[in-house]
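See below for the structure under consideration.
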Amino acid sequence: MQERREKTESQINTDLLSAMLDNHLWFWIVLAGLGLVILAGAAAAGYMFDRGLGVTGLNRPVFWGFFITNFVFWVGISHAGVMLSAILRLAQAEWRRPATRAAEVLTIFSLATALIFPLLHTGRPWRVFYWVGLPILPYDLSRGIFQNVRSALLWDPSAIFTYLTSSTLFVFIALVPDLAVARDRTTGWRRALYATLALGFRGNARQWRLQAIAGILLSALILPVFVSVHSIVSWDFAAAVSVEGWHQTIFAPYFVIGAVHSGVSGVVTAMILMAWLFKWQDYIRPEHFDALGRLLIVVATAWFYFFFIEFSFGLFSQEPSEIALRQTQVFGQPWGWMYLTFIMASYFIPVPLWMFRRVRRSLVLMFWTTILVNIGMWLERFLIIVPSLMRKQGLTFVWGDYNPSPIEVLLVAASFAVVLGGVLLFSKIFPLIPIYDAKEGKYIEAEIQVGRRTVPAVIREE
Amino acid sequence: METTSSESNGHNGHHRHMPEIGEYTAQVANEEIRAWFGAPGSWHGKALFVAGALLVAGIVAFVIRASSDGFDERGPWAYYAAGFAFLLTTVGSAPLVSVALRMSKAHWRRGLSRLSELFAISSIFMLIVYIPLPFMLPVVDDRPSLWINWHGHAPHIYDSMLLVTTVLCGLAILLIGARPDFAALKHETKGIRRWYYSIIGGNWKGTKKEWQRLRAAQGVLGGLYFMMLIFTQLIVSSDYALALIPGWKDSIYPAFYSLTGLQGALAVTLIAMFWVRRTGLQRYISLDQFWGLAKLLLATSLLWFYFWWSGFFVFWYGRSVAEVGVLEYMIKGAYLAPFLGAIAFSFFVPCFFFLIWNPIRKSIRGPAIAATIVMLGIMFSRVREYVAAFSIPKGMVGSTHIEGILGTNTPDAIDILLLLGILGGSAFFYLVALRIFPAVNIWEQREFTLLRKVRPYFKRYAVVLGKPD
Amino acid sequence: MANKRRSVLGLFNDPGTAADGVEALQNAGFGANDFEILTGAPYPEGAFGEEPIKHRLYYFPLVGAVVGLSLALLATVGTQLSWPLVTGGKPVLAIPPMAIISYEGTMLGAILFTILGIVFESRLPRLGLGLYDARINEGKIGLLVACEPDQMGSAIDAMQGAGVFEIKQEEWEKA
């Protein structure tokens, strides 16, 4: 890459282990703050379990509101991991190196957070025990029936469980070489912990070759899972015939590309925070954001294409109920200004900005534009779910509004704290940038002389 | 002096892992590509003859069909429409391969970019085939379509405009990319060749500004072409298939059509690469190119199933009268055979028998055979969709659902000849293009020789690829 | 009767001298199975003149996929046939939803078995590191030779001739 830094292996180890091994005051302050938000969320959840779901804004006909919006949002963010890690690994893109682990870790924590919301939504989450033994234990022992395989709500846990398990194991396998470095650099209980987790990794040729193959093979296996997860989440909506705007065949790829859009934006935000907080500007450089910005332009444009089709085909059959829904979403209040905010924030503000190299290489601008994207994408999910439910049936006396309660707002805020806190805690125990990846990048960099110009090059195995 | 940061010096050892393609100079590239271009071999004449014969047969069949059935009824032209849709999915989309790979800065595109862009010439034939179709399309008043509140002839006008613009954009990409080669070639040719090389090559001298403008033009046109092609496919597939079948409200279909367009583009480029490589240019159309496209073909073939499944599944789950009618008509009933052909040859056979296996994917023959099978699958797909659409009785177009059980529009001899003529015509145009443009982009190969080196890397050889961007 | 074996670990400062060390060992008659190269990060395969590794990793996802698919089908078919309730007008054994869960089961099986395969083929987990040096992760390259006691001398000579930085030894008993 153009902006290479000359570092020895020792220096790379020191730099990338510093977040784990050194103590920074800001870390504990931020963690404490996030902890307070999480505690507040836990208190809100406890209050809700005690008093019932009536303390939320959910009521006939809007039975899905903030919780499900947030569920879909976090499943979406989780798609960044595979996008950046798997696809860029398969494409041999050098600029993936500092991004992969952060993306994978964000996947794990956002998926785990997403799973909390259906549990909260049950109102009595302890009853999940009766469902969890799929398919071993009968649901609700007094009735003795099994889970309904034909229900979309059963496909969700199977997909999310598969994705979560796969991503976690993928992170672990790729962590093993770095755990060996941590083992060699620490003492006491830390050394014992890392030595156990490193499984005795020594770095012989066989182990490295299998690491390389593992990366590619697991990437190829996880990619289909990644596509299936958000497709299945989308079918929670698309399978419903009675709700206008939901029963569309485009929902699966539309949700997936939207997930990639919000997920990659989320990773960019996380990487910028990593560069600032951990002082990793030598490893997370403007050229990485330049490449990520270009990727985001493609992804965002693909997302917009699917959005355009989804909206247009809502009007295709010219059914009055469908047209009424679209009018409500675009021109009704407060939905109209939300719709405008969503479309501007998701596409029409960030993408024209990203067309400029100077913007892509500016960490500050990339930070704010990617946050804007995720605000827009959160609103997108909200606008798919709530307006459609408000006007679900043709009988006007069951039309209703949705006003989210402070409990729901607090729980949504707590979810952000859980994810950020989780990633922060991870950074204290494991390296967030793959150490061996950074070193490998050093081994395969080269230069070519073309006239008076020295051109950066990479060494390729063939 | 060239250096590699990890180069070993003065080691006497047995070096392994010699790359298949060693280092070569710009002069070698120049001479080899020009030599092939000057005399491709007798195969070209034979292929041109066969393609031409098919084209003539197709024209004869067209005249017979036009005189016997006219253009009032869509049914007799169903297979013709499927043939056009097949062309839009394959040769009409093929320049996208070069555009997309150039955008992603993949070095390995260089051996195939010209072969892919040359399909813009075949797209001219696609436009010719398109001419009768708007006359058969009903107006959009009072029936479902994307043209809500537009005038009744909106699809006729705008579909045509989009198609023409997309083809022109593809031609522009081809011609602009060929300028430096033509400027070099014009000095070595005489007669009419020299004349049109001079027109296109112009006063090209190879100054720094000219190269910068060339790159900028390729970038801008590439982006425009990409967006226009996708949008054209969206509109054409909606108007000529989706909107004609009652109850087929399928928002994923245009995206599915675009995906099969990408799949077809990859397949047809692979086939062109395979046949050109058999007669020479192995250094430039090498394993790298086949492997690269094979991976993309695998991805698109898997996505084929994903997009199809997304559409099918929502219809199956919904079970409304309209949805059941469409499933019965297009999958279980009248068009079961082409559906099975489509799913088998677009997805199942190429993926599980060829592309999923590493040794086959990383070969020359394997991807080429898979690509041929995919082309067959695309033809079945287009037959299923467009024959089904054009066979809907006139009075039923615009209804909320399919009424009754509709029969299959099976092809007769004229339909077969029409399809063969369409295939032959597009091949004919492509073969003619191969005599006008060098099959491999000479200036891109010369550029590549500056950026690709083969160097010892301790006890092995490795390819060192420059990344100037 | 137990056999005594020696492990000799040579530390090299850079890949060039390490590659020379490998060549010297090969010239001294040590086979590919007698030594291994330890590095802190992956180098392109064959950079040190080592033989390509053989592995059977690709069988693991295939087996895992079959196992996963079988279990998923067993679960979906078994549970629905146990309590056959018609819901939503769909058949009891409705293939499209079953396909979704079977697909997830197949992929989960494939991935789990792949992970197992990676660990197994890497010859992990390993109790104890054996003869090892933490400086390998700091940029040194290790050349570890396992040999009979009477071959130790030629191993050390070969590495010293190639410019080794430091040599460590360990004796152990082969069971």
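The values are calculated or read from the model by the stated rules, or taken from the named source; none is laboratory data. Predicted model only: the values in this text are computed from it and were never measured. We place every Cβ from the backbone using ideal geometry, glycine too, and count neighbours over all the protein chains shown.
Assuming residue A:376 fulfils every condition listed in (1) in a loop (DSSP other than H, G, I, E, B); (2) buried (at least 18 other Cβ atoms within 10 Å of the Cβ); (3) more than 14 Å from chain C (Cβ to nearest Cβ) apart from one, which condition is it?
Only one criterion is unmet by residue A:376, namely (1).
Identify, please: which residue in the stretch B:390-418 is among the β-branched types (Val, Ile, Thr) and not in a helix (DSSP H, G or I) and is, among those, farthest from residue B:68 (Cα to Cα)? Reasoning before the result, please.
Residues of the stretch B:390-418 that are among the β-branched types (Val, Ile, Thr), as a first pass: B:392, B:397, B:400, B:402, B:405, B:408, B:410, B:414, B:416.
Checking which are not in a helix (DSSP H, G or I) leaves us with B:392, B:397, B:400, B:402, B:405, B:408, B:410.
On the way: B:392: 20, B:397: 24, B:400: 32, B:402: 29, B:405: 27, B:408: 21, B:410: 18 Å.
Among those residues, the one meeting the criterion is B:400.
Inside the stretch C:145-160, can you point out the residues that are under 16 Å from residue C:19 (Cβ atoms) and crowded, with 24+ Cβ neighbours inside 10 Å?
Applying the first criterion (under 16 Å from residue C:19 (Cβ atoms)) to the stretch C:145-160 yields C:145, C:158-160.
Hits for the stretch C:145-160 are C:145, C:158, C:159.
Is it the case that residue B:344 is more than 13 Å from every other protein chain (Cβ to nearest Cβ) and not in a helix (DSSP H, G or I)? Write out each step before concluding.
On the way: more than 13 Å from every other protein chain (Cβ to nearest Cβ): yes; not in a helix (DSSP H, G or I): no.
So residue B:344 fails the test.
Could you please find all residues in the stretch B:448-466 being more than 8 Å from every other protein chain (Cβ to nearest Cβ) and either part of a helix (DSSP H, G or I) or out of contact with any Ser or Thr (no Cβ under 9 Å at 6 or more places or on another chain) (or both)? Write out each step before concluding.
Residues of the stretch B:448-466 that are more than 8 Å from every other protein chain (Cβ to nearest Cβ), as a first pass: B:448-449, B:452, B:454, B:456, B:461.
Scanning the stretch B:448-466 gives B:448, B:449, B:452, B:454, B:461.
Conditions (1) small (Gly, Ala, Ser); (2) without any contact (Cβ under 8 Å) to a residue 12 or more places away in the chain; (3) more than 10 Å from chain A (Cβ to nearest Cβ); (4) touching a strand residue (DSSP E or B) at 6+ places or on another chain (Cβ under 8 Å), marked per residue:
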position: C:69; (1), (2), (3), (4): no, no, yes, no
position: C:78; (1), (2), (3), (4): yes, yes, no, no
position: C:92; (1), (2), (3), (4): no, no, no, no
position: C:131; (1), (2), (3), (4): no, no, no, yes
position: C:142; (1), (2), (3), (4): yes, no, no, yes
position: C:150; (1), (2), (3), (4): no, yes, yes, no
position: C:153; (1), (2), (3), (4): yes, yes, yes, no
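Given the structure, is residue C:133 over 30 Å from residue C:58 (Cα atoms) and loosely packed, with under 14 Cβ neighbours inside 10 Å?
Details: over 30 Å from residue C:58 (Cα atoms): yes; loosely packed, with under 14 Cβ neighbours inside 10 Å: no.
No.
Take the stretch B:261-292 and flag every residue that is farther than 22 Å from residue B:437 by Cα and within 14 Å of chain A (Cβ to nearest Cβ).
From the stretch B:261-292, those farther than 22 Å from residue B:437 by Cα are B:261-264, B:287-288, B:291-292; that's our starting set.
Listed by number, the residues that qualify are B:261, B:262, B:287, B:288, B:291, B:292.
Being under 22 Å from the mean Cα position of the chain (by Cα), of a type outside the set (Phe, Trp, Tyr) and either in the same structural domain as residue B:174 (by TED's automatic domain parsing) or under 30 Å from residue C:52 (Cα atoms) (or both) is the requirement here; does residue B:451 meet it?
On the way: under 22 Å from the mean Cα position of the chain (by Cα): no; of a type outside the set (Phe, Trp, Tyr): yes; either in the same structural domain as residue B:174 (by TED's automatic domain parsing) or under 30 Å from residue C:52 (Cα atoms) (or both): yes.
Against the criterion (under 22 Å from the mean Cα position of the chain (by Cα), of a type outside the set (Phe, Trp, Tyr) and either in the same structural domain as residue B:174 (by TED's automatic domain parsing) or under 30 Å from residue C:52 (Cα atoms) (or both)), residue B:451 does not qualify.
Check A:453, A:460 and return the single one that is within 14 Å of chain C (Cβ to nearest Cβ) and surrounded by fewer than 21 Cβ atoms within 10 Å (Cβ to Cβ). Working first, answer last.
Working: A:453 fails: within 14 Å of chain C (Cβ to nearest Cβ).
Step by step, each of A:453, A:460 is checked, and only A:460 is within 14 Å of chain C (Cβ to nearest Cβ) and surrounded by fewer than 21 Cβ atoms within 10 Å (Cβ to Cβ).
Checking the conditions here, which among B:349, B:383, B:374, B:387 is surrounded by fewer than 21 Cβ atoms within 10 Å (Cβ to Cβ), aliphatic (A, V, I, L, M) and part of a helix (DSSP H, G or I)? So that I can check it myself, show each step before the final result.
Numbers: B:383 fails: surrounded by fewer than 21 Cβ atoms within 10 Å (Cβ to Cβ); B:374 fails: surrounded by fewer than 21 Cβ atoms within 10 Å (Cβ to Cβ); B:387 fails: surrounded by fewer than 21 Cβ atoms within 10 Å (Cβ to Cβ).
One residue alone meets the criteria, B:349.
Every residue in the stretch A:148-172 that is at the interface with chain C (Cβ under 7 Å from one of its Cβ atoms), surrounded by 20 or more Cβ atoms within 10 Å (Cβ to Cβ) and closer than 19 Å to residue A:239 by Cβ, please. Break it down stepwise before answering.
Kept after step one, since they are at the interface with chain C (Cβ under 7 Å from one of its Cβ atoms), are these residues of the stretch A:148-172: A:148-150, A:155, A:158-159, A:162, A:165-166, A:169.
From the residues that got through so far, the ones that are surrounded by 20 or more Cβ atoms within 10 Å (Cβ to Cβ) too are A:149-150, A:155, A:158-159, A:162, A:166.
Answer for the stretch A:148-172, where residues must be at the interface with chain C (Cβ under 7 Å from one of its Cβ atoms), surrounded by 20 or more Cβ atoms within 10 Å (Cβ to Cβ) and closer than 19 Å to residue A:239 by Cβ: A:149, A:150, A:155, A:158, A:159.
Within the stretch B:315-329, track down each residue that is without any contact (Cβ under 8 Å) to a residue 60 or more places away in the chain and within 31 Å of the chain's Cα centre (by Cα).
B:327
Would you point out which residue out of A:77, A:29 is surrounded by 17 or more Cβ atoms within 10 Å (Cβ to Cβ) and not polar (S, T, N, Q)?
Values: A:29 fails: surrounded by 17 or more Cβ atoms within 10 Å (Cβ to Cβ).
Result: A:77 is the single residue among A:77, A:29 that is surrounded by 17 or more Cβ atoms within 10 Å (Cβ to Cβ) and not polar (S, T, N, Q).
Restricting to the stretch B:404-419, and then to whatever is at pLDDT 90 or above and not aliphatic (A, V, I, L, M), can you tell me which residue is farthest from residue B:145 (Cα to Cα)?
Checking each candidate, the answer is B:412.
Condition first: of a type in the set (Val, Ile, Thr), within 10 Å of another protein chain (Cβ to nearest Cβ), outside any helix (DSSP H, G or I) and buried (at least 18 other Cβ atoms within 10 Å of the Cβ). Can you find one or more residues in the stretch C:30-44 that meet it?
Narrowing the stretch C:30-44 to residues of a type in the set (Val, Ile, Thr): C:37, C:39.
Of the ones still in play, those that are also within 10 Å of another protein chain (Cβ to nearest Cβ) are C:37, C:39.
From the residues that got through so far, the ones that are outside any helix (DSSP H, G or I) too are C:37, C:39.
Imposing the further condition that a residue be buried (at least 18 other Cβ atoms within 10 Å of the Cβ) reduces the set to C:37, C:39.
Checked against the condition, which is being of a type in the set (Val, Ile, Thr), within 10 Å of another protein chain (Cβ to nearest Cβ), outside any helix (DSSP H, G or I) and buried (at least 18 other Cβ atoms within 10 Å of the Cβ), the stretch C:30-44 yields at least one hit.
On the phi > 0 side of the Ramachandran plot and surrounded by 18 or more Cβ atoms within 10 Å (Cβ to Cβ): which single residue out of C:105, C:128, C:139 fits that description?
On the way: C:105 fails: on the phi > 0 side of the Ramachandran plot; C:128 fails: surrounded by 18 or more Cβ atoms within 10 Å (Cβ to Cβ).
Just a single option satisfies the conditions, and that option is C:139.
Does residue A:202 qualify as being within 14 Å of chain C (Cβ to nearest Cβ) and surrounded by fewer than 23 Cβ atoms within 10 Å (Cβ to Cβ)? Please lay out each step first, then the result.
Details: within 14 Å of chain C (Cβ to nearest Cβ): yes; surrounded by fewer than 23 Cβ atoms within 10 Å (Cβ to Cβ): no.
So residue A:202 fails the test.
Of the residues B:321, B:314, only one is among the β-branched types (Val, Ile, Thr) and facing another protein chain (nearest Cβ under 10 Å); which?
Numbers: B:321 fails: facing another protein chain (nearest Cβ under 10 Å).
Answer to the check: B:314.
Residues are listed down the side, and each one gets a yes or a no for (1) over 18 Å from residue A:164 (Cβ atoms); (2) within 15 Å of the chain's Cα centre (by Cα); (3) in a helix (DSSP H, G or I):
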site	(1), (2), (3)
A:201	yes, no, no
A:212	yes, no, yes
A:217	yes, no, yes
A:221	no, no, yes
A:224	no, no, yes
A:227	no, yes, yes
A:243	yes, no, no
A:258	yes, yes, yes
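If you take the residues of the stretch B:194-209 that are farther than 20 Å from residue B:435 by Cα and surrounded by fewer than 16 Cβ atoms within 10 Å (Cβ to Cβ), which of them is modelled with the lowest pLDDT? Break it down into steps so the answer makes sense when it comes.
Step one: list which residues in the stretch B:194-209 are farther than 20 Å from residue B:435 by Cα, which gives B:203-209.
With the extra rule that they be surrounded by fewer than 16 Cβ atoms within 10 Å (Cβ to Cβ), the set shrinks to B:203, B:205-209.
Numbers: B:203: 85, B:205: 89, B:206: 89, B:207: 93, B:208: 92, B:209: 94.
The extreme case among them is B:203.
From (1) over 28 Å from residue A:235 (Cβ atoms); (2) surrounded by 23 or more Cβ atoms within 10 Å (Cβ to Cβ), pick out the condition that doesn't hold for residue A:430.
Of the numbered conditions (1) over 28 Å from residue A:235 (Cβ atoms); (2) surrounded by 23 or more Cβ atoms within 10 Å (Cβ to Cβ), the odd one out for residue A:430 is (2).
Report whether or not residue B:71 is more than 24 Å from residue B:277 (Cβ to Cβ), surrounded by fewer than 20 Cβ atoms within 10 Å (Cβ to Cβ) and in contact (Cβ under 8 Å) with a residue 60 or more places away in the chain. Talk me through it step by step, then tell me what you get.
Values: more than 24 Å from residue B:277 (Cβ to Cβ): yes; surrounded by fewer than 20 Cβ atoms within 10 Å (Cβ to Cβ): yes; in contact (Cβ under 8 Å) with a residue 60 or more places away in the chain: yes.
Judged against the criteria, residue B:71 is a match.
Please state which of the following conditions residue A:249 fails to meet, knowing it meets all the rest: (1) at the interface with chain B (Cβ under 10 Å from one of its Cβ atoms); (2) at pLDDT 95 or above; (3) under 18 Å from the mean Cα position of the chain (by Cα).
(3)
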